[in-house]
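The values are calculated or read from the model by the stated rules, or taken from the named source; none is laboratory data. The structure presented is a predicted model; accordingly, all values stated were derived computationally and were not measured. Counting neighbours? That spans all protein chains shown, and the Cβs are built from the backbone with ideal geometry, glycine included. Quick note on the areas: whole protein, heavy atoms, side chains included, nothing else; ligands and nucleic acids left out. Shrake-Rupley method; radii C 1.70, N 1.55, O 1.52, S 1.80 Å.
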Amino acid sequence: MALGPSRAVAVVLLAAVCCLQGAQGRSPPYPPIPPRPPVCPVDAPLIKLNFEQNERKRVQVVEYDTYIPNLSSFTIHYWFNLRDTATTNTMFNYATDPYTGTELLDVQLESKEGGRHQFWKITIKGVETRVSSFPPIRKGEWYHALHSWESSTGIISHYINGELLQSHYNYQTKGLVIPAGGIAQSGQTRSARFLYNSVDQGEGLNGWLTLFQLSAKPIGVPTSSDSVAAKAERAFNCADDHDKEGETISWNRTPRKGFGGVTETPSYNSVCGQF
């Protein structure tokens, strides 16, 4: 028996719906993004540092007890959680002469107008570079940051949570070499400790820091597939890979000394980025 026009249209529509449901029910042609791996086993908790600069008005800082070689490039990455985003937070500082106030390498999240404007500021042998931090860093949340510089190209790159924030060329940094033998620290600038009688000048880290790594190697071409994969791996793999990325400063292997009341706290949370 032949179907009438309206019944034939209904059959066609029903078949199309069935095909659509079948297509939606099939697995996608690519594997799903795996969950972030565990930080560490329960019997070996991750250590995080707690800085409280603005409450005590005295500097809180941690020094890395290791020899820093000449640096013609670097890759720095770490996890952080800020208690205050209205002031400037110093993530890393390196200097050879504590009394001149010259910062050979300084990494800061700079804040202007009470936190309305944020900039990632890197100082290399007195040359300051800034990029806007947008979307802004919010207090009380964990972030993974990675900064890289290569003297041969003068390219400085910033990544937040594995994604490129900005990569830019600064001709003033091209050919520079950061000299060896200085003191590396997190939490404060050298000038705050030695030129301002250990009083915080509003640039101290106020919050948490963990898994800090310093390598003398650059990240590579910022937009290459290898670099993209490497940055994503660092942001999603909360591990201290001494051989690959922490040969200069390793969070688990490099001794450190705290000053001013900075405290170390174990984290048993097994979820990366929720320390």
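Checked across the stretch 241-249, the condition of being open to solvent by less than 40 Å² (accessible area, probe 1.4 Å), at positive phi and at pLDDT 90 or above holds for no residue. Just one of (1) open to solvent by 10 Å² or more (accessible area, probe 1.4 Å); (2) of a type in the set (A, V, I, L, M); (3) at pLDDT below 90 fails for A235. It is (1). Within the stretch 217-226, identify whether any single residue is of a type in the set (D, E), at pLDDT below 90 and not in a loop (DSSP other than H, G, I, E, B), and answer yes or no. Checking the stretch 217-226: at least one residue is of a type in the set (D, E), at pLDDT below 90 and not in a loop (DSSP other than H, G, I, E, B).
Of the strands (runs of 3 or more DSSP E) contained entirely in the stretch 107-214, those carrying at least 2 residues that are under 27 Å from I47 (Cβ atoms) and either small (G, A, S) or open to solvent by less than 10 Å² (accessible area, probe 1.4 Å) (or both) fall at 117-124, 142-150, 155-160, 183-186.
With respect to T100, determine if the residue is more than 20 Å from F74 (Cβ to Cβ), crowded, with 20+ Cβ neighbours inside 10 Å and at pLDDT below 95. For T100, the condition - more than 20 Å from F74 (Cβ to Cβ), crowded, with 20+ Cβ neighbours inside 10 Å and at pLDDT below 95 - is not met.
Every test in (1) under 16 Å from the mean Cα position of the chain (by Cα); (2) under 15 Å from S191 (Cβ atoms) is passed by V59 save one, and that test is (1).
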